[in-house]
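The structure appears below as structure tokens.
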Amino acid sequence: MKPIELSVIIPIFNEELNIPTLYERINRLMKHMGVSHEIIFINDGSKDSSIFLIKKICSSDSTVKFIDFSRNFGHQIAVSAGLEHCIGQYVVIIDADLQDPPELIKDLYEKIVKGFDVVYAKRRSRKDKSFIKKSGYKLFYKILSKISQIEIPMDTGDFRIMKRNVVNELIMMAENNKFLRGQIAWLGFEQAYIEYDRDVRAAGEPGYSYRKLFRLALDGIISFSNMPLRLATILGFLVFFLSLILICYTLYSYFFNSLTPQGWASLMISILFIGGIQLLSIGIIGEYIGRIQNEVRKRPLYVLKDTNIVKKYHDNLIIDNT
Ligand code: UDP
Ligand code: MG
């Protein structure tokens, strides 16, 4: 198989309105750039006609590949599947909703060939998000950079270009709870960025609901920091200390004040307080255990329904059927 210079990985979840324009813009750009390339669409259980459109494109353009999941597995997993199946020397991850302008791939490519391993696109502004989402993102990045040991670049999504060596390392990271931008930051190498203005979604509904975003944020924090666990311990100590003071005070007033405390209010407060902290701590531990469970089960990351990629990965062996 001839080596390919550039792979473009596009996760798809209900993007029928964007696929034609997206393909046209990328295809035009690739022709303009004149590099050998492949475009890989990963259909992440779309409920619309996305896969139909993708297969139609595949039948007229041999540089286009598709991977069709058996159901919706999530954006990070769709991208991971693309990474496992691509063969380019350089690999681009891009969203399908045209929020990341495809034309920027040229700038990313021109920068990475200067001798970097990862070049990510950093948002100078974002017109897309509601106030709640914007502040949520901000808070999340702030917390993450404070409590994790690694530096995850602010205001970046997964829109980036990586060199083959980075992609190979990334594939080897067998964790099930994917938080790719964190994993890539963790890997190190020579990383650089270019800045851009993020557009609004061209068409269709965002596939990331608040629930999915919350899960992603939690995965990011829990995979990259033990701080929440430590927080539980610290809170535990704090409450234990507080209750010690309370006990001393109660004993003191019982013996020396001849005035026993009224009791009810303080009792309720301490029970609720301690109960709350305990539940919080158990919750935090539970989140970690849930993830350990996920890793231990060793389920496959995703299940394929169909693909036109002949290369298969099995036990890290590439079996090439061509
Ligand atoms: N996506 C996906 N699976 C999902 C949700 C989203 O493959 O479960 C894809 C989606 O089609 C898009 C990209 O991931 O190409 C980013 O999704 P979205 O635009 O909804 O995210 P946001 O821009 O809100 O972060
Ligand atoms: Mg989007």
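At 0.36 nm per residue, minus the direct Cα-Cα distance, what do Ser145 and Glu103 gain on full extension? Give it in nm, one decimal, please. Don't jump to the answer; show the numbers that get you there.
Details: separation 42, 0.36 × 42 = 15.12 nm, distance 3.00 nm.
Gain on extension, Ser145 to Glu103, equals 12.1 nm.
Backbone N atoms of the stretch 179-219 closer than 11 Å to the 7 Å Cα→Cβ label point of Glu5 are not found in any residue.
Among 199-205, 154-160, sorting by the average number of other beta carbon atoms lying within 10 angstrom of each residue, highest first, gives 154-160, 199-205. Rounded to the nearest 10 degrees, the angle from helix 210-224 to the longest Cα principal axis of the chain is 80 degrees. Just so you know, the Rg over Rh for the stretch 1-123 is 0.94, from Cα atoms, with Rh as the Kirkwood radius.
Computed from Cα atoms, the angle from the helix 227-256 axis to the main principal axis of the chain rounds to 10 degrees. In the calculated pair-distance distribution of the stretch 101-164, the portion above 17 angstrom amounts to 52 percent of the Cα-Cα pairs.
Taking 0.36 nm per residue of sequence separation and removing the Cα-Cα distance, the Ile234/Asn294 pair yields an extension gain of 18.9 nm. Since only Leu22, Ala232, Cys86 are under comparison, the one whose Cα sits farthest along the positive direction of the charge dipole of the chain, derived from C-beta charges on Lys, Arg, Asp and Glu, is Ala232. Inter-part distance, the stretch 135-164 to the stretch 182-257, computed on C-alpha centroids, equals 14 Å.
Helix 131-147 axis versus longest C-alpha principal axis of the chain: approximately 80°, rounded to the nearest ten. When Leu53, Leu235, Leu267 are sorted by how many other C-beta atoms sit within 10 angstrom of their C-beta, beginning with the fewest, the order is Leu267, Leu235, Leu53. Taking amide hydrogens as placed 1.01 Å from N in the peptide plane, the amide H of Tyr90 sits under 5 Å from those of Leu6, Ser7, each at least 5 positions away in sequence or on another chain. What percent does the relative contact order of the chain come to when contacts are Cα pairs within less than 8 Å and at least six residues apart? Over the chain, the number comes to 21 percent. Note on the stretch 1-67: Kirkwood hydrodynamic radius from all Cα pairs is 12.2 Å, rounded to one decimal. The order of the peptides 17-23, 236-242 by mean Cβ neighbours within 10 Å, most packed first, is 17-23, 236-242.
Can you flag which of Lys47/Lys212; Lys47/Lys305; Lys133/Lys212; Lys163/Lys212; Lys106/Lys142; Lys111/Lys134 are past 20 Å Cα-Cα? In this structure, Lys163/Lys212; Lys106/Lys142; Lys111/Lys134 lie more than 20 Å apart at Cα. Full extension of the segment from Asp48 to Ala192, taken as 0.36 nm per residue of separation minus the current Cα-Cα distance, would add 48.2 nm.
Using the Kirkwood radius over C-alpha pairs as Rh, can you work out the diffusion coefficient of the chain via Stokes-Einstein at 10 °C, viscosity 1.306 mPa s, in µm² per second? Could you put the intermediate results ahead of the total?
Working: Rh = 22.2 Å.
So the translational diffusion coefficient is about 72 µm²/s.
Computed FRET efficiency, Cβ-Cβ of Arg124 and Ser253, R0 51 Å: what is it to the nearest 0.05? Calculated value: 0.25. The rule of thumb for compact globular proteins, 2.2 N^0.38 Å, goes into the C-alpha radius of gyration of the stretch 149-268 1.85 times.
No lab work stands behind these numbers, since they all come straight from the coordinates. Computed from a predicted model, the values in this text were never measured in an experiment. All Cβ positions, glycine included, derive from the backbone under ideal geometry; neighbour counts span all protein chains shown.
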